[in-house]
1. Being closer than 24 Å to A:Pro53 by Cα and not hydrophobic (A, V, I, L, M, F, W, C) is the filter here, so list the residues in the range A:217-236 that pass it.
2. For A:Ser128, are the conditions met, namely being modelled with pLDDT of 90 or more, more than 21 Å from A:Gly185 (Cβ to Cβ) and of a type in the set (S, T, N, Q)?
3. So for the range A:138-157 (the condition being closer than 22 Å to B:Ser47 by Cα and surrounded by fewer than 22 Cβ atoms within 10 Å (Cβ to Cβ)), does at least one residue qualify?
4. Does any residue in the range A:156-167 that is at the interface with chain B (Cβ under 8 Å from one of its Cβ atoms) come within less than 6 Å, Cβ to Cβ, of a residue that is among the β-branched types (Val, Ile, Thr) and assigned to a helix (DSSP H, G or I) six or more places away or on a different chain, and which pairs are these?
5. When the range B:78-98 is examined, which residues are found to be under 15 Å from the mean Cα position of the chain (by Cα) and either more than 19 Å from B:Phe162 (Cβ to Cβ) or of a type outside the set (Gly, Ala, Ser) (or both)?
6. Return yes when A:Val74 is among the β-branched types (Val, Ile, Thr), under 18 Å from A:Arg251 (Cα atoms) and outside any loop (DSSP other than H, G, I, E, B) and no when it is not.
7. Specify the residue that is nearest to the other protein chains (Cβ to nearest Cβ); the eligible residues are those in the range A:90-122 that are of a type in the set (S, T, N, Q) and more than 11 Å from A:Tyr153 (Cα to Cα).
8. Does A:Ile194 fit the bill of being of a type in the set (Val, Ile, Thr) and more than 10 Å from chain B (Cβ to nearest Cβ)?
Amino acid sequence: MHCSISNTLQCVALGTMDIEVRPPILDLLKETPEDLATEITHLDFPIFKAITPDELICCGWTKKDKAKLAPNVVKLTQRFNNVSFWVQDEILNAGGVKQCTAMVSHFIKVAKKLGDLNNYHSQFAIISALQSTPIYRLRNTWLGLSHKDHQHYTKMQDLFSDDNNRENLRAAVNTMKLPGIPYLGLFQTDLVYINVSHPHCGGQEAEQRQKYVNNILCMLAAYQQSDYSTLPQNVQLQSYLGKERYNETPRRLVEDDYYKLSLMLEPIIHSIPDSDSNKSVSLPHKFRSRNRSDSLPCTMSGSLGIHGSFLIFNLRMSGEKCCVQGPLRRKTIKKDGRIYPVAPYHRYWIQMWGKALVYYDPKSLTSRGLEREEFNSSPYKWQGITEPKMKLILNGAKDAQTQSIIFQLADPGSDTVYKFLAPSIFAGLNWIKHLRHALEGDIQTTPNHIMFGRSTLHT
Amino acid sequence: MSESYDFLFKFLVIGSAGTGKSCLLHHFIEGKFKAESNHTIGVEFGSKIINVGGKSVKLQIWDTAGQERFRSVTRSYYRGAAGALLVYDLTSRDSYNTLSNWLGDARTLASPNIMILTVGNKKDLEDERQVTFMEASRFSQENELMFLEASALTGENVEEAFLKCAKSILAKIETGGLCLAKRGGRTSWGNLGLRNAFLRRVMTQKS
């Protein structure tokens, strides 16, 4: 199960868009938000209705044998996650930024309709999918949304905000009229706290506890009296929506794959779009990866923003080691086919992790220090060196000294060449050795002043 | 009702179900929840003012106990958090193994400046221990986290966990490691006057 899902997503990530491996296809955009919301509700409600007080009183879902102690609570949670994954899946596989925007807009409408049906459960599932990292960061996708969609989305976002212990959602749920499906998580948290502060031990405490628990059970029992049977049924749509895409276990893998898909749609170029800084612009994809065998994101390049430390963490988690590091100066010789004749050198602390270079920029632009402390602790950007034709070009200058402190990395795929300057012969040789190793001997020894018709030393 | 404090820190408690996150919080806030007459948990639930090195800091602690299996841990939960307690149960290997997942979430969704403290809970159940101190300590070190073992039952190290985290946030602010000028920063300021005085001090120190 583990593997097949991961593989499926990798196929999709590969750009092969393998239709066979995806659930039955239907053009979602052609289904009206009303119909989708109605059928989602038809699927949610029976599970919600089946929850028994016993499942809730003992907080069975927090225990190891939760599937036995609280089967319907577990099922409802799975429904939530399933809807949430489905939404991300559909958006990420829509086939381009424009289509993504259309899909996001469609789901905002579905969420709104779910709100009209008082189905807070799935409405929250959709909103949390839209707020998930892979979707949230798609800046260009969000930019394309209409003002109206934005307004609706913001409203719903506020409804599910965590502020003041989900004050808004609590107020909405408390005043909602039947039929309705609340977000069960609210009650689950409350029940956990009731259990903590009034442990099940009898005596006077029992009375207090009873009062609190009964209150919650009564509320839920009332909602369970809801009747959605008057809503139209669409069997075909229901079978599509009800399809179990992901069981609970590999969700981390699923999420990682979604993140990769998201990066392919809109790669990180300047910084991660953050709610606090809306300055960044995602540029068109230039480093599209063709080599998916590598599970690390180092097949592409970009700036890191807040993801810097996460990248290192990820590299570490996947068993990578930093094999060589040190201060280097780098300048652009050629980028995307354009030659930069007078580009300045920039100082970086560079680490090589497997097949990726991680760049740390200096703390101060004026300092000349070569120590690690002179550079920032979180990465600034990274560059994959697994591009199929990535080449190491050794400088062809005459004297031995120059030869070993200068080297170039060329990516003919994007027609980009960077030149590196090591601080010492020893460091230079060390870098060349490791790069040689990483690039498996794909080394070109063409002197670069012939390549670009320029003298090479700028020290 | 007005209360005064110098700093306001948003704190998160994260970790798998059954690790006793709610117990830790409950112990820390001294059973405030018990006293709530309302049937739902009050809005001020989960906050406490503590004294750190002569400054009063209001900790606003957010916890999603009971909802761990929902993938609804959204950005807003992590946004603006200054600190987080990453809780596992030292008698449950599984809960320890999921730490990296939670850490991954925190690293992606929260500010890179967030101070995270790993808490091995249920220290009182020494006989059932499945995760050694050394192992968890090494994990924490490798991931640049602080680490403590605590017991929500006996109260051992509960207060310390929150204090230690708050202390290092303050230390980071004072050494200028936390950028205060950034909009939507992780640390709110309870007292504007103090903030300005502080900023002035930071600036004079720098110049």
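The values are calculated or read from the model by the stated rules, or taken from the named source; none is laboratory data. What you see is a predicted model, and the numbers here were worked out from it, not measured in a lab. So basically every Cβ, Gly included, is an ideal-geometry build from the backbone, and we count neighbours across all protein chains shown.
1. A:Tyr223, A:Gln224, A:Gln225, A:Ser226, A:Asp227, A:Tyr228, A:Ser229
2. no
3. The answer is no, given that none of the residues of the range A:138-157 is closer than 22 Å to B:Ser47 by Cα and surrounded by fewer than 22 Cβ atoms within 10 Å (Cβ to Cβ).
4. A:Phe160/A:Ile127
5. Once the filter is applied, which keeps residues that are under 15 Å from the mean Cα position of the chain (by Cα) and either more than 19 Å from B:Phe162 (Cβ to Cβ) or of a type outside the set (Gly, Ala, Ser) (or both), the range B:78-98 yields B:Tyr78, B:Arg79, B:Leu85, B:Leu86, B:Val87, B:Tyr88.
6. Spelling it out, A:Val74 is indeed among the β-branched types (Val, Ile, Thr), under 18 Å from A:Arg251 (Cα atoms) and outside any loop (DSSP other than H, G, I, E, B).
7. In this case the residue turns out to be A:Ser122.
8. No.
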